[in-house]
Amino acid sequence: MTAPLAQPEEASNLPVPARLDEVKGWFWPADQILFDWFLSRQNADPSGGGDLLELGAYLGKSAIFLGGYLKEGEEFTVCDLFDSPAEDDNNDDEMRRSYATLTRRAFEANYRAFHDELPTVVQAVTAVLPDRVRPASCRFVHVDASHLYAHVRADVETSRLLSAPGAIVVFDDFRAEHCPGVAAAVWGAVDARRLHVLCITQHKMYATWDHPEPLRTELAVFLAGREDLWHGVEEVAGAPLIRITGRKA
Ligand SMILES: C[S@@+](CC[C@H](N)C(=O)[O-])C[C@H]1O[C@@H](n2cnc3c(N)ncnc32)[C@H](O)[C@@H]1O
C-alpha cells in the first residue's frame, strides 16, 4: 500500500529542523563518516550509478543523509510502515512499543527541510519491496526496519535481490542485546559465506553480496589516515573483518 503524500498545509504545523542533529533517530557520527566514504566513492566513479534504498526510515535521520548523495537520474526509495498497521501481531507490538508517535507527515516535513524533492515513499511492510524496486538496481541499501527474525531474514534476502553489482548493504543493530533476531538473520548469511562483511561499527554492519575487494583494502587505507576512528582487523568466517569505533583506542 502506498498512501497519498502529506499535504503541505498539514506539514506546515510541524517543527522544521535546521540541522541533522535536530532530527530524532539512530544514526551516529562513525556511521555518518562511513556512509559518506562509501557513497562518495561510488559517486566519484564515472562508470558507477544505481539507486538508493532504505528499509526503515523513522523520522528521516539516515534518509536525509542518504538523499544528499542521490545523483541525477537515480531513484531513492524509502520503505516504512509509518502510521500504518503492521501485518502481524509481533510487528504490531514492536511498532507500538518503539515507534508509537511516528507519522509519515513528520518524516516528510523533516525530509523537505533538507531536500526539494521527497524520495519515493513506500508506506508498507518491507516484504513488498521485491515487487516495487527493480532487481539488481540499487548501489546502496540500508536495512533498518523491523528487528524481528522473520522480517529481517526476508530483508536480508531482499537486499541481495535488489543489489546492483558492487552494491553496499548496511545492516543496523546487527549485534545488540535487544534484537537477537537481527543478529541471527544477518550473521546467518555471513556464516553461509554469501554475504561478505567489509566492516562493523558499534551499530552497523557494512557488507556486500559481491566480491569484497578492492573495496576492503581501500577502506583500510582510508581508516589508516583517520585520527578520529580506531580500527582493528579480525578474521571471521574465513575473511578479514574490520572493526571500527568512533574514537582512537
Ligand atoms: C530503527 S527505526 C529506523 C531508524 C532510522 N533509519 C534512523 O536512522 O533514524 C525502524 C523503522 O522501521 C519501521 N518498521 C518496523 N517494522 C517494519 C516493517 N515490517 N516494514 C516496514 N517498516 C517497518 C518503523 O516504523 C521504524 O520507523
(message) Only one of GLU157, GLU177, GLU234 is farther than 23 Å from LEU55 by Cα and out of contact with any Cys (no Cβ under 6 Å at 6 or more places or on another chain). Can you tell me which?
(response) GLU234
(message) Testing VAL133 on (1) within 13 Å of the ligand (Cβ to nearest atom); (2) buried (at least 17 other Cβ atoms within 10 Å of the Cβ), one condition comes back false. Which one is that?
(response) (1)
(message) Six or more apart or on different chains, Cβ atoms under 6 Å: show the pairs whose first residue is in region 136-159 and aromatic (Phe, Trp, Tyr) and whose second is open to solvent by 40 Å² or more (accessible area, probe 1.4 Å) and away from the ligand (no atom under 12 Å from the Cβ).
(response) TYR149/ALA184
(message) Can you pull out every residue in region 63-72 that is more than 16 Å from THR120 (Cβ to Cβ) and either surrounded by 22 or more Cβ atoms within 10 Å (Cβ to Cβ) or within 11 Å of the chain's Cα centre (by Cα) (or both)?
(response) PHE65
(message) Among the numbered criteria (1) outside any loop (DSSP other than H, G, I, E, B); (2) farther than 26 Å from PRO15 by Cα, which one does ARG134 miss?
(response) (1)
(request) Among the numbered conditions (1) closer than 18 Å to ASP36 by Cα; (2) modelled with pLDDT of 95 or more, tell me where LEU195 comes up short. (result) (1)
(request) Name every residue in region 181-192 that is in contact (Cβ under 8 Å) with a residue 12 or more places away in the chain, within 19 Å of VAL236 (Cα to Cα) and of a type outside the set (Phe, Trp, Tyr), in order of residue number. (result) VAL182, ALA184, ALA185, VAL186, GLY188, ALA189, VAL190, ASP191
(request) May I ask you to say which residue of VAL128, VAL122 is touching a strand residue (DSSP E or B) at 6+ places or on another chain (Cβ under 7 Å) and either among the hydroxyl-bearing types (Ser, Thr, Tyr) or crowded, with 19+ Cβ neighbours inside 10 Å (or both)? (result) VAL122
(message) Go through (1) assigned to a loop (DSSP other than H, G, I, E, B); (2) open to solvent by 20 Å² or more (accessible area, probe 1.4 Å); (3) within 10 Å of the ligand (Cβ to nearest atom) for ASP116 and report which single condition fails.
(response) (3)
(message) Looking at (1) open to solvent by 40 Å² or more (accessible area, probe 1.4 Å); (2) of a type in the set (D, E, K, R); (3) more than 14 Å from the chain's Cα centre (by Cα), which one does GLU108 not meet, given that it meets all the others?
(response) (1)
(request) State whether the residues of region 241-249 include one that is of a type outside the set (D, E, K, R) and free of Cβ contacts under 8 Å to residues at least 12 places away in the same chain. (result) no
(request) Considering each of VAL128, VAL122 in turn, give the residue that is in a helix (DSSP H, G or I) and either at negative phi or more than 15 Å from the ligand (Cβ to nearest atom) (or both). (result) VAL128
(message) It is to be established whether one or more residues within region 86-103 are at pLDDT 95 or above, touching a strand residue (DSSP E or B) at 6+ places or on another chain (Cβ under 8 Å) and more than 21 Å from TYR206 (Cα to Cα).
(response) no
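The values are calculated or read from the model by the stated rules, or taken from the named source; none is laboratory data. These numbers were taken from a predicted model, which means no experiment stands behind them. Please note: Cβ atoms are built from the backbone with ideal geometry, for glycine as well, and neighbour counts cover all protein chains shown. Please note that ligands, DNA and RNA were not included when accessible areas were found on the heavy atoms of the full protein model with its side chains. Shrake-Rupley method; radii C 1.70, N 1.55, O 1.52, S 1.80 Å.
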